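**Q** First the structure, then my questions, so here it is.
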Amino acid sequence: MTEPRVLTALARAVAGVRLDEDVSAARSRQVEWVAGELALVLEHQEHPLAATAPVAKVFEAGSVDAYLELAARGELRRREVPAPERTSDKSRQARIEALGILAAALGVHAELPRLPDNPPAKAPVARRPRSILRSSLLERADVRGGGVERVRLLAMIGVVLDAGPRSGELCRQGVEDLAPDLSETRLRRRPQGTPVDAPDTIELLGLSRSTQAAVARWLRERAALVAAAQGSADALWVSTRGNHAGEPGTRGAAVTRPSGMPLQPRGLSRAYTRAVVVLNDEMAGEPGWSPLPVRMEQLRRGSDPRPRRGPVVPDAERAARLLAAVTRSAAALAEHVPAGTADRPEEAALDLESTDALAARVEVRRAQLAAWAEGIEHRVQLAALAGAGLAEDHQLAAAGWHPALLAAVDRAAGTGRAPAQP
């Protein structure tokens, strides 16, 4: 028997919402819950529609009101309860919001009841506290102690202050989304309300010196966390401790994930809140310190990013020209910092201070940044540099590559460059 078209459409919409990074895990579960109730309500004798109805009619006012009433009375429960009562206003609100998400995913208009006014949004972090926070970041980024979770928090705060990402956008970042010298980061934006099949928007944003220092420290700590991970390890933000996977094992025990696994939006939000509470307690009473908000959203709304647009997919011809520019500029720099001079730092330092060497360093860094902004992968650039004579760590450092990022890139590719020490 063929499944009714409306049920197929609802299942497809739920699958699309589940893949949308800007929809939280909790909201995704609510959408799936409501889609399941809609499948049940279309078989209920008190509902005006049947499962053969067109999808658009499911979201018309009469159908929606009948669904909400039956759901509130507990008529759509999948299991018996001793004394079913009317559901709360919060459940009604969650259903209405989920209906709106489903309708948007299906591309149909929804005639929904008016929601109660939301409480006023909490004020974003003001300019002066943000300035104090940046200063504190710079002072603490390379200070040992406080634990790896603190290091990750400081790096995240810096990126949020500079770039204003949502938690889902942070979780999608990989080591490829950091410029070779850590001066910029890449974000894949998906504005709320964007259709599921619409392409992302790519933004390139500068990182302040304090954020660069904090991210570098995090990369060094991250190296130990992902050392034992199987296969590639390209996620920028990873867990600092083991946790359960949310599913049972073969004998009923929870399946666990080790540390070093990619953070998910829900886990990131929890980790941020947990670390901020500790930091606020420790910093209480410090001159000029204002407690950080325990929700990242307030911090994000206080940022003022100045992005430039990047390509969603690199243009092949432009990428070839940019990679050729990287190779030419790298060959020019290789004349000033030849291979095998790592054990003769005085000689290399004198050569790198010449006018020609400085010009070559500026040119190769400019070429690399342009290639990265186009979307050319780090490993491709590093291969071009090696072909031009820049393959050793001290040569790549002269070309502007941060040692901690080099180690992360190698680990992501499954190779083993040792992480640099501060």
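The values are calculated or read from the model by the stated rules, or taken from the named source; none is laboratory data. Just so it is clear, the model here is predicted, and its values are computed rather than measured. Backbone-built Cβ (ideal geometry, glycine too); neighbour counts: all protein chains shown. Heads up: the accessible areas ignore ligands, DNA and RNA and are worked out on the full protein's heavy atoms, side chains in. Shrake-Rupley method; radii C 1.70, N 1.55, O 1.52, S 1.80 Å.
**Q** Between Pro307, Pro311, Pro291, Pro265, which is surrounded by fewer than 16 Cβ atoms within 10 Å (Cβ to Cβ), under 24 Å from Leu207 (Cα atoms) and touching a residue at least 24 places away in the same chain (Cβ under 8 Å)?
**A** Numbers: Pro307 fails: surrounded by fewer than 16 Cβ atoms within 10 Å (Cβ to Cβ); Pro291 fails: touching a residue at least 24 places away in the same chain (Cβ under 8 Å); Pro265 fails: surrounded by fewer than 16 Cβ atoms within 10 Å (Cβ to Cβ).
The conditions single out Pro311.
**Q** Leu299 - would you say it is assigned to a helix (DSSP H, G or I) and either out of contact with any strand residue (DSSP E or B) (no Cβ under 6 Å at 6 or more places or on another chain) or polar (S, T, N, Q) (or both)?
**A** In short, yes.
**Q** So if I check each of Arg411, Arg344, Arg417, which one is buried (at least 21 other Cβ atoms within 10 Å of the Cβ), at pLDDT below 90 and at negative phi? Step through it out loud before you land on a result.
**A** Details: Arg344 fails: buried (at least 21 other Cβ atoms within 10 Å of the Cβ); Arg417 fails: buried (at least 21 other Cβ atoms within 10 Å of the Cβ).
After ruling out the rest, the residue left standing is Arg411.
**Q** Right, another one. Is segment 362-369 home to any residue that is open to solvent by 40 Å² or more (accessible area, probe 1.4 Å), basic (Lys, Arg), at pLDDT 90 or above and more than 27 Å from the chain's Cα centre (by Cα)?
**A** no
**Q** So, one more: Filter segment 206-223 for residues that are of a type in the set (A, V, I, L, M, F, W, C) and either open to solvent by 10 Å² or more (accessible area, probe 1.4 Å) or in contact with a Gly (Cβ under 8 Å, 6 or more places away or on another chain) (or both); which is farthest from Ser239 (Cα to Cα)?
**A** Leu207
**Q** Next up: Would you mind stating whether Leu396 is of a type outside the set (S, T, N, Q), at pLDDT 95 or above and open to solvent by less than 60 Å² (accessible area, probe 1.4 Å)?
**A** Considered against the rule, which asks whether it is of a type outside the set (S, T, N, Q), at pLDDT 95 or above and open to solvent by less than 60 Å² (accessible area, probe 1.4 Å), Leu396 comes out as no.
**Q** Mind checking which residues of segment 224-234 are within 14 Å of Leu405 (Cβ to Cβ) and either open to solvent by less than 50 Å² (accessible area, probe 1.4 Å) or modelled with pLDDT of 95 or more (or both)?
**A** Pass one, segment 224-234, residues within 14 Å of Leu405 (Cβ to Cβ): 226, 233-234.
Matches in segment 224-234: Val226, Ala233.
**Q** Which of (1) within 17 Å of the chain's Cα centre (by Cα); (2) modelled with pLDDT of 85 or more does Glu221 not meet, given it meets every other one?
**A** (1)
**Q** Within segment 152-175, is there a residue that is in a loop (DSSP other than H, G, I, E, B), closer than 19 Å to Arg220 by Cα and open to solvent by less than 30 Å² (accessible area, probe 1.4 Å)?
**A** The answer is yes, given that some residue of segment 152-175 is in a loop (DSSP other than H, G, I, E, B), closer than 19 Å to Arg220 by Cα and open to solvent by less than 30 Å² (accessible area, probe 1.4 Å).
**Q** Among what's in segment 124-180 and is of a type in the set (Lys, Arg) and under 19 Å from the mean Cα position of the chain (by Cα), pick the residue that is modelled with the lowest pLDDT.
**A** So the residue we want is Arg150.
**Q** Check off (1) of a type outside the set (A, V, I, L, M, F, W, C); (2) open to solvent by less than 50 Å² (accessible area, probe 1.4 Å); (3) touching a His at 6+ places or on another chain (Cβ under 8 Å); (4) at pLDDT below 75 for Arg257 and give me the number that stays unchecked.
**A** (2)
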